[in-house]
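**Student:** One structure, pasted below without further comment.
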Amino acid sequence: MPTSDLPYRSQFREIISLPEDELDLGRAAFLIAVTEYPDLDIEKEVGLLDSLASAAATRLRSETDNLRSVNIISSYLFDEVGFRGNEQDYYHPDNSYLNKVLACRLGIPITLSLVFTEVAKRLNVSMTSIGMPGHLLIKHTDVPDIYIDPFHGGILLSESECIERMNRITGGRLKWESKYLEPLGKHEFLSRMLRNLKSIYLKGNSYKKAHIIMDQLLEIDPGSMIERRDRGIVNFQLGDYPEALQDLEIYLESGVSGSEASSVTKLIWKLRDLLSN
């Protein structure tokens, strides 16, 4: 069965077509996980998030202070339940699959932030993701200038501490901009999850898995020429020459120039030659 005909593909396409305020990030993340775990029971997994929220609610009781509510949820998830950053095996793909993060209590910043925000959402505690380069954070929408690092046990950070952390992660190669602490939209959040997986699979030469991830990235943003180019190269690696040619021709026609255009043109000529034999 072609991947485009798989049931999860139509469900994923449907959910990401929704406006930001209607898009269910948790369910979308589980649909991403289905690509690796096809027998996944999504309703059961959603129920696990519901159970975490129910338990956290008993700690919150009638708390109305926003920052205290954040701290209570953080203490429950990281101290009691034991969610933590997987520092020993950071680049394992399971760190990017929400079902495995729930099962193993191990993840990376983006999936741990998702657990936190999904639990908070069920408790009417308004959290948002912050797309700082290299290290995703979260914050309460009504508490200014305080950021939460889910990878390091939910510790609170000031803006200056965020800058210090990003400089350490990037080796100072990236100049700080205030936009790095702006909220991350849900569609971009999902794209960032997928790009993590894409990078992992490409580095491991797992081209079939990378291809599935690229298909989902292009479902979110059909106009992304970078993803179109990369999928074309992966199609070439997989021997899917007609698909590779189509992707690369679209990429070349988008207006790319210079050495990049030259390299892609040579690959297109090679593909046409292969297909003519």
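The values are calculated or read from the model by the stated rules, or taken from the named source; none is laboratory data. Here the structure is a predicted model, which is why all the values come from computation and not from measurement. Virtual Cβ from ideal backbone geometry, glycine too; neighbours counted across all protein chains shown.
**Student:** Just to check your reading of the model, which residue among Phe189, Phe236 is buried (at least 19 other Cβ atoms within 10 Å of the Cβ) and either over 21 Å from Ser129 (Cα atoms) or of a type in the set (Gly, Ala, Ser) (or both)? Reasoning before the result, please.
**Tutor:** Working: Phe189 fails: either over 21 Å from Ser129 (Cα atoms) or of a type in the set (Gly, Ala, Ser) (or both).
On inspection, the qualifying residue turns out to be Phe236.
**Student:** Would it be correct to say that Leu77 is aliphatic (A, V, I, L, M), under 29 Å from Lys203 (Cα atoms) and surrounded by 15 or more Cβ atoms within 10 Å (Cβ to Cβ)? Give the derivation first.
**Tutor:** Details: aliphatic (A, V, I, L, M): yes; under 29 Å from Lys203 (Cα atoms): no; surrounded by 15 or more Cβ atoms within 10 Å (Cβ to Cβ): yes.
Criteria not met by Leu77.
One line per residue, one yes/no per condition, for (1) under 25 Å from the mean Cα position of the chain (by Cα); (2) farther than 30 Å from Lys209 by Cα; (3) without any contact (Cβ under 8 Å) to a residue 40 or more places away in the chain:
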site: Arg61; (1), (2), (3): no, yes, yes
site: Asn66; (1), (2), (3): no, yes, no
site: Asn86; (1), (2), (3): yes, no, yes
site: Asp94; (1), (2), (3): yes, no, yes
site: Leu102; (1), (2), (3): yes, no, no
site: Leu106; (1), (2), (3): yes, no, yes
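**Student:** Does the stretch 206-239 hold any residues that are free of Cβ contacts under 8 Å to residues at least 24 places away in the same chain and more than 20 Å from Glu260 (Cβ to Cβ), and which are they?
**Tutor:** Within the stretch 206-239, Ser206, Pro222, Gly239 meet the criteria.
**Student:** Then there's this: Being in a helix (DSSP H, G or I) and closer than 30 Å to Thr141 by Cβ narrows it down to one of Ser160, Ser262, so name that one.
**Tutor:** Numbers: Ser262 fails: closer than 30 Å to Thr141 by Cβ.
It is Ser160.
**Student:** Looking at Asp89, Asp149, Asp145, which is the one that is of a type in the set (D, E, K, R) and at pLDDT below 95? Quick ask: steps written out before the conclusion?
**Tutor:** Details: Asp89 fails: at pLDDT below 95; Asp149 fails: at pLDDT below 95.
Among Asp89, Asp149, Asp145, only Asp145 is of a type in the set (D, E, K, R) and at pLDDT below 95.
**Student:** What is the residue count in the stretch 170-210 for residues that are part of a helix (DSSP H, G or I) and closer than 30 Å to Gln237 by Cβ?
**Tutor:** Of the stretch 170-210, the ones part of a helix (DSSP H, G or I) are 170, 178-181, 186-203, 207-210.
Keeping just the survivors that are closer than 30 Å to Gln237 by Cβ gives 170, 187-203, 207-210.
Qualifying residue count, the stretch 170-210: 22.
**Student:** Name the single residue, out of those in the stretch 202-233 being touching a Leu at 6+ places or on another chain (Cβ under 8 Å) and among the β-branched types (Val, Ile, Thr), that is surrounded by the most Cβ atoms within 10 Å (Cβ to Cβ).
**Tutor:** Among those that are touching a Leu at 6+ places or on another chain (Cβ under 8 Å) and among the β-branched types (Val, Ile, Thr), it is Ile213.
**Student:** Taking the stretch 30-53 on its own, how many of its residues are without any contact (Cβ under 8 Å) to a residue 24 or more places away in the chain and part of a helix (DSSP H, G or I)?
**Tutor:** Here the count works out to 7.
**Student:** Next question, about the same structure. Does Val70 meet the test of being in the same structural domain as Lys121 (by TED's automatic domain parsing), within 30 Å of Asn205 (Cα to Cα), among the hydrophobic types (A, V, I, L, M, F, W, C) and in a helix (DSSP H, G or I)? Step through it out loud before you land on a result.
**Tutor:** Numbers: in the same structural domain as Lys121 (by TED's automatic domain parsing): yes; within 30 Å of Asn205 (Cα to Cα): no; among the hydrophobic types (A, V, I, L, M, F, W, C): yes; in a helix (DSSP H, G or I): yes.
Judged against the criteria, Val70 is not a match.
**Student:** Sticking with this structure for a sec: Among the numbered conditions (1) modelled with pLDDT of 95 or more; (2) within 21 Å of the chain's Cα centre (by Cα); (3) more than 25 Å from Leu52 (Cβ to Cβ); (4) not aliphatic (A, V, I, L, M), tell me where Gln237 comes up short.
**Tutor:** It fails just one condition, (2).
**Student:** Also, I was wondering about something else. Identify, by number, the condition in (1) among the hydroxyl-bearing types (Ser, Thr, Tyr); (2) outside the structural domain of Gly134 (by TED's automatic domain parsing); (3) without any contact (Cβ under 8 Å) to a residue 12 or more places away in the chain that Ser160 doesn't meet.
**Tutor:** For Ser160, the exception is condition (2).
**Student:** Assess whether Met127 counts as being under 25 Å from Ser96 (Cβ atoms) and out of contact with any Pro (no Cβ under 9 Å at 6 or more places or on another chain). First the steps, then the outcome.
**Tutor:** Details: under 25 Å from Ser96 (Cβ atoms): yes; out of contact with any Pro (no Cβ under 9 Å at 6 or more places or on another chain): yes.
Answer is yes for this residue.
**Student:** Which of the residues that make up the stretch 126-153 are over 19 Å from the mean Cα position of the chain (by Cα), under 25 Å from Glu80 (Cα atoms) and in contact (Cβ under 8 Å) with a residue 60 or more places away in the chain?
**Tutor:** Passing the criteria: His140, Val143, Ile146, Gly153.
**Student:** Of the residues that make up the stretch 36-43, is at least one charged (D, E, K, R), in contact with a Pro (Cβ under 8 Å, 6 or more places away or on another chain) and buried (at least 17 other Cβ atoms within 10 Å of the Cβ)? Walk me through it before giving the result.
**Tutor:** Residues of the stretch 36-43 charged (D, E, K, R): 36, 39, 41, 43.
Retained after the next criterion (residues that are in contact with a Pro (Cβ under 8 Å, 6 or more places away or on another chain)): 36.
Next, from what is left, pick out any that are buried (at least 17 other Cβ atoms within 10 Å of the Cβ): 36.
Yes.
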